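What follows is calculated from the coordinates using simple rules that are stated; it is not laboratory data. Model, not experiment: these values are computed from the prediction. Positions of Cβ are backbone-derived with ideal geometry, glycine not excepted, and every protein chain shown enters the neighbour counts.
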Amino acid sequence: MDPIVKTNFQPLFHVAWYLAIVMLVIIPLQIVIYVIAPPPDTVIGLFLRYQESPFLGLLSLDFLYLFNNLIIVVIYLALFVLLYREKPVTVLLAMVFGLVGIACYYPSNPAFEMLTLSSRFFAAQPEQQSHFLAAGEALMAGYTGTSFDVYYVLSTICLLLFSYALVKSPQFKNPVGRWGLASGLFMIIPSSVGTVGMIFSLLSLIPWVVFVILLAIRFRQLAHSVTLYATDSSRIRP
C-alpha cells in the first residue's frame, strides 16, 4: 500500500503556499538591505556595525537567509510529495542533496558568533583585542569556506533534479520546471567565487523568483482541492 496515495497532503500544500509568499517578500528585502547597507569587508567593520545596530549586524551576515532555507525545505518537501510517484529516484536524490546541503549551511553562518565577538572585542583591553579579531577572521573564512561551498553545490544539484522532474511531470502545464533549470544553471558557479560568482548568484534570483511564484500558484490550487491526495481506495495498490 502506497502511503503517499492514502495521505491527505493539503495542509502541507497550504503551508508551502504561505511560505512561498513569505520567501517572495524576503528576497527583495535582502536585496534592499544589501544595497542600502552593504556588509563591511573587514572584521573590524563588522564589529563596529554590530555595536551601532546588532540587528543590522545580523542582517549583514544573512540573518534572513536562515529563515529562507527553512522555507526551501518545506517547498521541496511539497514537491517531493507531488512528484514521488512519477520520478521517485530523481526526487529522492534531490531531497537528500537538498537536506544535506542546507544542513551544511547553518554551521557556516557566523551571524551570532560575530555578535558575541563584537561585544567582547570592545569590552577587552587593547592588548587583548587582537585575539578577538583573529577569531573573527577565522569565522569569516568559514563563512564562504568548505561548508558553504558544499551547501551551494548540493543545493544546485537539488534544484536541477527537482526542475527536471517538473519538466517531465504532466501535472505542471506551465514552464515552472524550465525556470528552475535556468536558476540552477546560474548557480553552477558558487557566489563565493569572487565577482563572477556574485553576479551569477544575483542573476539566478530572477528565474528563481518566477519559479517560486509559479510553485505558489500550484500549491494554492492543491491546498484548495477537495479530492486530490485524499484517501481513495480505488487508487491504493498492494
Quiz item: How large is the charge dipole for the range 1-103, taken about the Cα centre, if only the Cβ atoms of Lys, Arg (+1) and Asp, Glu (-1) carry charge, to the nearest 20 debye?
Solution: 280
Quiz item: Can you work out the FRET efficiency for the pair Met198 and Thr42, with r the C-beta to C-beta distance and R0 = 22 Å, to the nearest 0.05?
Solution: 0.80
Self-check item: Angle in degrees between helix 88-108 and the longest Cα principal axis of the chain, rounded to the nearest 10
Solution: 20
Quiz prompt | Full-stretch length increase - His14, Thr116 - with 0.36 nm per residue and alpha-carbon distance subtracted | solution = 32.9 nm
Practice problem: Would you look at the GNM of the chain, springs on alpha carbons closer than 10 Å, and say which of Ile157, Ile71, Ile26 moves the most? | Solution: Ile26
Exercise. Give me the angle, in degrees from 0 to 90, between the Cα long axis of helix 43-52 and the longest principal axis of the Cα atoms of the chain, rounded to the nearest 10.
Key: 80
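Under unit Cβ charges (Lys, Arg +1; Asp, Glu -1), what dipole magnitude, rounded to 20 debye, does the chain have relative to its Cα centre?
Roughly 1180 debye, rounded to the nearest 20.
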Self-check item: Acute angle (nearest 10 degrees) that the helix 10-36 long axis makes with the longest principal axis of the chain, alpha-carbon atoms
Solution: 30
Practice problem: Label the range 58-106 by shape, choosing from rounded, prolate and oblate, from the square roots a ≥ b ≥ c of the eigenvalues of the Cα gyration tensor; if a/c is under 1.5 it is rounded, and otherwise prolate applies when a/b is larger than b/c, oblate when it is not. | Solution: prolate
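Which order do the peptides 177-185, 82-90 take when ranked by the mean count of other beta-carbon atoms within 10 Å per residue, highest first?
177-185, 82-90
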Quiz item: Applying 1/(1 + (r/R0)^6) with R0 = 45 Å to the Cβ-Cβ distance of Ile206 and Ala134, what FRET efficiency is obtained, to the nearest 0.05?
Solution: 0.70
Quiz item: Just one of (1) 44; (2) 39; (3) 32 is percent of Cα pairs over 26 Å apart as worked out from the coordinates here. Which one is it?
Solution: (1)
Quiz item: By counting other Cβ atoms within 10 Å of each Cβ, how are Phe80, Phe47, Phe211 ranked from fewest to most?
Solution: Phe80, Phe47, Phe211
Self-check item: Charge dipole (the chain, unit charges on Cβ, about Cα centre) - positive-most of Gly184, Ile26, Gln171
Solution: Gln171
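What FRET efficiency do you get for Thr90 and Leu66 if R0 is 45 Å and r is their Cβ-Cβ distance, rounded to the nearest 0.05?
So the FRET efficiency works out to roughly 0.95.
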Quiz item: What list of ³J(HN,Hα) couplings, whole Hz, do you get for the range 73-79 from phi and the Karplus terms 6.51, -1.76, 1.60, once you set θ to phi - 60° and write x for glycine and proline?
Solution: 4, 5, 4, 5, 5, 5, 5
Self-check item: Separation between Cα centres of the range 86-128 and the range 40-62, rounded to whole Å
Solution: 17
